[in-house]
Amino acid sequence: MTSSITSDVIHRFAEDAGFDLVGVCSATEPFAGLNFYRSWLARGNHAGMNYLVQHAELKANLDSVLPGVRSAIVVGANYAQPNPPTPGMPRIARYALGRDYHRVMRKRLAQVAKELSSLMPNARFRACVDSAPVFERELASRAGLGWFGKSTMLINSHRGSWFLIGVLLTDADLPPDRPSEGGCGTCQSCIDACPTGAIVQMEDRWSVDARKCISYWTIEDPAGRPPELRTAEWNFGCDICQEVCPFNSPREHQPLRARDTVDQDFLPRGPEPSLATIRNFTEGQWDAWTRGRAIRRAGFAGWRRNVTAPDETRP
Ligand code: B12
């Protein structure tokens, strides 16, 4: 479906909906990273995330997500904020401090789709935020939001990597933006800083071996976390590879860099309960604490494990 919508209009709708980064790209081009993704799976880097294997073939063709798809509007939501460790308090990755980003971003993408529908009544849309087999980072790089860093995070040269990605697929042909260009150069701060050596070389690139990643073990599989990875530093997710990234350090000459968010949906709603309180939560108390938040993904039993690692050093 052809459309006469301009890039400015799409950017305005997405910014009005609360997104910080916006870009448009083709959704029909083959994915440059498809074979890399297959090799990543073949080496077992996905650990227990078997849904990623099931998604492998679906991911190759976005028609499986939205039949007749032509374009992708890709958005980024900045969640940069200070998050210093506080003794006795849980260490939670920044992306999970506020409301559940899946819900927040899907609602905002629905608003963008509604605005666009008023100009293109016959167009169809599908919003995806980790909810469909989609190479979100490759689409985002194609749409100009950023480039793949060695940490595998998508990095925007002006804004760093503290942004979440959402994709709005449509069967309308929309004017594409320019893909991102950039790179880490010789910097390998993230590789050196990762306490478990989870960023590993694969072919001529870097990738994350989830079997070694604190984020994986604390979010996806707290039951199986091997003793040698129980660092106790992080109780849910991990931000180390992003904290050390120079693109996330504010620079006077580049004021946009890693600007902290003022978006209430991504900021903590109040003080977190202490580690001691969480350890003694009933299931009902845990339920109330995690409702509407991404931290819920680890489950009640998972959270128990995340706050009671045997070699935990904090009270
Ligand atoms: C599974 C998953 C994980 C796994 C595996 C992480 C990983 N690095 O692969 C675990 C649980 C460890 C994880 C952790 C985190 N995750 Co995660 N995760 C995902 C998920 C659902 C799928 C990623 C995946 O398939 N990985 C497998 C690798 C091989 O695929 P890929 O990352 O897409 O890599 C591409 C490139 O390597 C590319 N490639 C190779 N060669 C070439 C060549 C060219 C030219 C190109 C263009 C591409 C390319 O091929 C792949 C396909 O394109 C995505 C959402 C999504 N649907 O994409 C979120 C996502 C990647 N995660 C996200 C976040 C925020 C995190 C954490 C920061 C959370 C936290 N604080 O704990 C950490 C970061 C750890 C890290 N350094 O990656 C964000 C990243 C945003 C960003 N700016 O990059 C995403 C996009 C979710 C979102 N909607 O915003 N995550």
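The values are calculated or read from the model by the stated rules, or taken from the named source; none is laboratory data. Here the structure is a predicted model, which is why all the values come from computation and not from measurement. Here the Cβ is made from the backbone with ideal geometry for all residues, glycine too, and neighbour counts use every protein chain on show. The accessibility values were calculated without ligands, DNA or RNA, using every heavy atom of the protein model including side chains. Shrake-Rupley method; radii C 1.70, N 1.55, O 1.52, S 1.80 Å.
Annotation: per residue accessible area for the chain equals 46 Å², rounded to a whole number [probe 1.4 Å, protein chains only]. The HN-Hα couplings worked out from phi for the range 120-130 by the Karplus form 6.51 cos²θ - 1.76 cosθ + 1.60 (θ = phi - 60°) are 10, x, 8, 6, 10, 9, 9, 8, 10, 9, 6 Hz, whole numbers, x standing for Gly and Pro.
If each DSSP helix of 4+ residues adds -39,500 (n - 2.57) and the sum is divided by the residues in the chain, what number results at 222 nm, nearest 500 deg cm²/dmol? It would help to have the intermediate numbers written out before the result.
On the way: 10 runs with 85 residues, N = 315.
It lands at -7500 deg cm²/dmol.
When the Cα gyration tensor is reduced to axis lengths a ≥ b ≥ c, the ratio a/c is 1.5 or higher for the chain, and with a/b above b/c it is classed as prolate.
Between Glu233 and Gln111, the distance separating the two model label sites (each 7 Å from Cα on the Cα→Cβ line) works out to 3.7 nm.
Segment Ala32..Arg279, full-extension length gain: 84.4 nm, with 0.36 nm per residue of separation and the alpha-carbon distance subtracted. Taking only protein heavy atoms and a 1.4 Å probe, the accessible area of the chain is 52% carbon and sulfur.
Taking Val24, Val75, Val65 as the candidate residues, the one with maximal mean-square fluctuation in a Gaussian network model of the chain, Cα springs under 10 Å, is Val65. Within the chain, the longest run free of exposed loop sites, counting trypsin sites (Lys or Arg not before Pro) that sit outside DSSP helix and strand states (H, G, I, E, B) and have at most 13 other Cβ atoms within 10 Å, spans 44-268.
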